[in-house]
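Trainee: I have a structure here, written as structure tokens, and I will follow up with some questions on it.
Rule-based calculations on the coordinates, nothing more; no lab input. A quick note: this is a predicted structure, and the numbers were derived from the prediction, not measured. Backbone-built Cβ (ideal geometry, glycine too); neighbour counts: all protein chains shown.
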Amino acid sequence: MLTPRKLFLKRGGLDQTDLQVAWNDVDYCLRLLEQGYRVVVDPDAVLLHHEGASRGEAKNVREIALMLRKWRTVIASDPYYHSGFALTGHTFTLRNETIENEAPRLYYASHVRTEDAHEEAFTAKHR
């Protein structure tokens, strides 16, 4: 991720208080988008990221809950996530069931109220 230092500092940088383990980069990019900046991906760039190499693969439940509270609407309406892909699992596999059947098993569904999870499933189905 590249960003001008002045912008990084002006916009608060990475949240090292509430997002110490993960998600701070995603949160930063979403904050930039919210403030009218663009996040650009270079399709020719080859980057390696060894997710969890130093801290392990365990997910921080508190951070997941925070991200969902803060960015639920954005996450649920991600225009770049193909609607044919499953929302469950750790890989981008093709969906082989309806969103209504899949929604209760969403990894993140355990971090939101049941009615919110069903509302997200409905939203995802109709985007």
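Trainee: Cut-off 19 Å, label point 7 angstrom out along Cα-to-Cβ of V46: give me the residues of the stretch 1-22 whose amide nitrogen falls inside.
Mentor: Counting backbone N atoms under 19 Å from the label point, the list is 1.
Trainee: So, in nm, how far is label L14 from label N60 when the simple model puts each one 7 Å beyond its Cα toward the Cβ?
Mentor: Going by the 7 Å Cα→Cβ label model, 1.0 nm.
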